[in-house]
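Report on the following structure.
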Amino acid sequence: MGATVWTVADSPLGALLLVGEVTATGTALTSLSMPGQRTAPAVRHDWRHDPRALAGVTRQLTAYFAGERTLFDVEFTATGTAFQRRVWSVLDDIPYGSTTTYGELAERLGVARQDIRALGAAIGANPLLLVRPCHRVIGADGTMRGYAGGVERKVRLLTLEGALQPTLL
């Protein structure tokens, strides 16, 4: 395993913490988190601040927030349990501008109704917010269920992607 690097990318949602591992082919993203996120990693003293190592991810995020990118092309590390990785791979298939429900994901994965909580926990453990679009999963009744970055950010992301209509306050 290579050195751990980190940087902060400005976004309309606040400063995003990007963490990566230096590999033989570049830098693999290990975490993308938001301010106030319960599961966000804290920068450690043995990590190296290196904006250049994560510049490709930062550029893609900038283009995403400008409405110029709908998919991310990012190398990332394979973490999590086998079940989490199965759930996360299905998240990767949810198209930009659309949503799906927890029940629909459970059906696609063959997860029993009584195990939907485990499915929700796997989604909540996603270390790659935005890049792996867990914000596109909503309740069966259309309500915004939990999001590690905060439900208000989930609404902003889905509005940016056109899956929700903007509301006037």
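On average, how much accessible surface per residue is there in region 53-169, in Å², for a 1.4 Å probe, leaving out ligands, DNA and RNA?
I get 53 Å² per residue for this part.
For region 133-169 and region 32-66, what is the centre-to-centre distance using only Cα atoms, to the nearest Å?
Taking the Cα centre of each part, region 133-169 and region 32-66 sit 21 Å apart.
Would you kindly calculate the translational diffusion coefficient of region 24-81, applying Stokes-Einstein with the Kirkwood radius from alpha carbon pairs, for 37 °C and a viscosity of 0.692 mPa s, and quote it in µm² s⁻¹ without decimals? Intermediate values should be presented prior to the final figure.
Values: Rh = 13.3 Å.
So the translational diffusion coefficient is about 247 µm²/s.
Rounded, prolate or oblate for region 44-123? Axes are the square roots of the Cα gyration tensor eigenvalues, ordered a ≥ b ≥ c, and the cut-off for rounded is a/c under 1.5.
The shape class here is oblate.
Tell me what the chain gives for mean residue ellipticity at 222 nm when only DSSP H runs of n ≥ 4 count, each as -39,500 (n - 2.57), the sum divided by the residue total, rounded to 500 deg cm²/dmol.
Only helices count here, giving -8000 deg cm²/dmol.
Out of the total accessible area of the chain (probe 1.4 Å, heavy atoms of protein only), what percent is carbon and sulfur?
54
Expressed as cubic angstrom per residue, what is the convex hull volume of the alpha carbon set of region 1-43?
Given the Cα convex hull of region 1-43, per-residue volume reads 66 Å³.
Which of the three applies to the chain, rounded, prolate or oblate, going by the alpha-carbon gyration tensor with a ≥ b ≥ c and a/c under 1.5 meaning rounded?
In terms of gyration-tensor shape, oblate.
Can you classify region 105-169 as rounded, prolate or oblate using the Cα gyration tensor, where a ≥ b ≥ c are the square roots of its eigenvalues, rounded means a/c under 1.5, and otherwise it's prolate if a/b beats b/c and oblate if not?
prolate
Using alpha carbons only, how many degrees (0 to 90, rounded to 10) separate the axis of helix 151-160 from the longest principal axis of the chain?
With rounding to tens, the tilt is 90 degrees.
Picking from ALA15, PRO41, GLN60, whose Cα lies most toward the positive end of the charge dipole for region 1-125 (charges on Cβ: Lys, Arg +1; Asp, Glu -1)?
Positive-most Cα among the choices belongs to PRO41.
Is there a quick way to get the dipole size of the chain? I mean about its Cα centre, with the Cβ of Lys and Arg at +1 and of Asp and Glu at -1; what is the value in debye to the nearest 20?
280
Roughly what % of DSSP beta bridges within the chain run antiparallel, to the nearest 5? Let's see the in-between values first.
Details: 13 of 19 bridges.
Here the share of antiparallel DSSP bridges comes out near 70 percent.
The values are calculated or read from the model by the stated rules, or taken from the named source; none is laboratory data. Note that the structure is a prediction, hence the values are computed from the model and not measured. Ideal geometry is used to build each Cβ from the backbone, glycine not excepted, and the neighbour counts take in all protein chains shown. We work out accessible area using only protein heavy atoms, side chains counted, and drop any ligands, DNA or RNA first. Shrake-Rupley method; radii C 1.70, N 1.55, O 1.52, S 1.80 Å.
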